[in-house]
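The values are calculated or read from the model by the stated rules, or taken from the named source; none is laboratory data. These numbers were taken from a predicted model, which means no experiment stands behind them. FYI the Cβ positions are ideal-geometry reconstructions off the backbone, even for glycines, and counts take in every protein chain you see. Surface areas here come from the heavy atoms of the whole protein model, side chains and all, with no ligands, DNA or RNA. Shrake-Rupley method; radii C 1.70, N 1.55, O 1.52, S 1.80 Å.
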Amino acid sequence: MGWLERNIIEPGKLPLLLALVSFVLTFVITRGITRLIRAGKGPFRNVSGSGGVHIHHVVPGVILTIIGGFGAVAGGRHGFGSALSAVVFGIGAGLVLDEFALVLHLADVYWTEAGRKSVEMVVLTASLVGLLLIGFSPLGVDDLSDDQEQNRATVIANVVGNFVFALIALFKGKTRLAVFGVIVPVIALIGAVRLARPGSSWAKRFYRRRPRARAKSTLRAYHHDRRWLGPRRAFQDWIGGAPDPEPARSLEHR
């Protein structure tokens, strides 16, 4: 309780903790229910409106996110209202991001290969909020000493430098490193100095006349994907369920 009081309640991070917990629990419960519906087990069924239109849970998710967001803005960082708004916001965000792929593709891709994007977005969001919760600040502001924090020029230089590293990592096709690098600067630096992925904007611009760099980038990306694609998909399937197998495409006889 001492750690909770000192590190969460006193700094005003209790709403953030409540939002994260409700976000994760909502995603887990929602995925459990949808997997039961998919398997035809339990009392749960899809919800349909008038005319037989299937109502996706992203719809109530958006409503709850709006209510919780405005409530959090109005309630500050302390008090029951702030805590309640954080829980409502977390539930809404969990429902919305569970169908992130549907919003991205504007199609019902929940149980398809494209639907993996939803699980990836939920894991990414929970990880970033967890880093903020344990004390990391965006763009490396947490790395400054007390003297540096009093020097506005040092703060600005530190923020701009870390933002540039994250931006370079993004242009190099290293999206995850760029996103996490906004919170943990050393990660952005690693993404900025390593070779760009083939097909990225950086590779198209700077590797066009450098065949060795282009070949090395392609080979490194191949080995990386071969090593991590399988475990990453297994992890996503364990969390969100395996997508439906794609139907085999018949060859056209000409």
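Results, tabulated for the structure shown:
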item	result
Residue count, the stretch 181-204 (criterion: surrounded by fewer than 20 Cβ atoms within 10 Å (Cβ to Cβ), free of Cβ contacts under 8 Å to residues at least 24 places away in the same chain and assigned to a helix (DSSP H, G or I))	4
Single unsatisfied condition, Phe100 versus (1) surrounded by fewer than 16 Cβ atoms within 10 Å (Cβ to Cβ); (2) in contact with a helix residue (DSSP H, G or I) (Cβ under 8 Å, 6 or more places away or on another chain); (3) not small (Gly, Ala, Ser)	(1)
Close pairs (7 angstrom Cβ cut-off, 6 or more residues apart or separate chains): free of Cβ contacts under 8 Å to residues at least 24 places away in the same chain and assigned to a loop (DSSP other than H, G, I, E, B) in the stretch 90-113, open to solvent by less than 20 Å² (accessible area, probe 1.4 Å) and of a type outside the set (D, E, K, R) anywhere	Val109/Ala101; Val109/Gly115
Test result for Ala93, closer than 19 Å to Ser22 by Cβ and at pLDDT 95 or above	yes
Hey, Ala248 at pLDDT 90 or above and under 30 Å from Ile37 (Cβ atoms) or not	no
Pairs with Cβ under 6 Å, 6+ apart, first in the stretch 1-29 and closer than 18 Å to Gly81 by Cβ and outside any helix (DSSP H, G or I), second of a type in the set (Gly, Ala, Ser) and at pLDDT 85 or above	none
Residue under evaluation Ala196, criteria (1) within 19 Å of Glu120 (Cβ to Cβ); (2) in contact with a Ser or Thr (Cβ under 7 Å, 6 or more places away or on another chain), criterion not met	(1)
Residue that is nearest to Leu132 (Cα to Cα) [pool: residues in the stretch 6-36 that are of a type in the set (Val, Ile, Thr) and at pLDDT 90 or above]	Val21
Count of the stretch 72-91 residues which are touching a Phe, Trp or Tyr at 6+ places or on another chain (Cβ under 9 Å) and not aromatic (Phe, Trp, Tyr)	4
Scope the stretch 48-77; condition exposed (fewer than 13 other Cβ atoms within 10 Å of the Cβ) and not in a helix (DSSP H, G or I); matching residues	Ser48, Gly49, Val53, His54, Ile55, Gly76
Residue check for Asp237: in a helix (DSSP H, G or I) and either open to solvent by 20 Å² or more (accessible area, probe 1.4 Å) or touching a strand residue (DSSP E or B) at 6+ places or on another chain (Cβ under 7 Å) (or both)	yes
Test for Ser127: is it surrounded by fewer than 19 Cβ atoms within 10 Å (Cβ to Cβ), within 11 Å of the chain's Cα centre (by Cα) and either modelled with pLDDT of 90 or more or of a type in the set (S, T, N, Q) (or both)	yes
